[in-house]
Amino acid sequence: MYEKVEKIINDWDPIELFPLAPKDEYSQEINKIISIVQENHNIDMNVLA
């Protein structure tokens, strides 16, 4: 799941940090999103994509 969320967030690059930022720049945000998805079983990963 991490890789899917990471690709979505990195492709989006919401605050336009790439290509200057390290690849894991959004890792904290990605982990928070994954935590929310896992805690809320009503959220479908496909809906987030």
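Looking only at segment 1-29, residues that are more than 17 Å from Asn46 (Cβ to Cβ), surrounded by 10 or more Cβ atoms within 10 Å (Cβ to Cβ) and in contact with a helix residue (DSSP H, G or I) (Cβ under 9 Å, 6 or more places away or on another chain) come to 8 in all.
Within segment 16-42, the set of residues being assigned to a helix (DSSP H, G or I) and modelled with pLDDT of 90 or more comprises Ser27, Gln28, Glu29, Ile30, Asn31, Lys32, Ile33, Ile34, Ser35. Pairs are defined by a Cβ separation below 6 Å, a sequence spacing of at least 6 or placement on different chains, a first member in segment 28-49 that is within 17 Å of Ile9 (Cα to Cα), and a second member that is among the β-branched types (Val, Ile, Thr) and at pLDDT below 70; the pairs so defined are Val37/Ile43.
The values are calculated or read from the model by the stated rules, or taken from the named source; none is laboratory data. Since the structure is predicted, the reported quantities are computational estimates derived from the model, not experimental observations. Because the Cβ atoms are built from the backbone with ideal geometry, glycine has one as well, and the counts that use them run over all protein chains shown.
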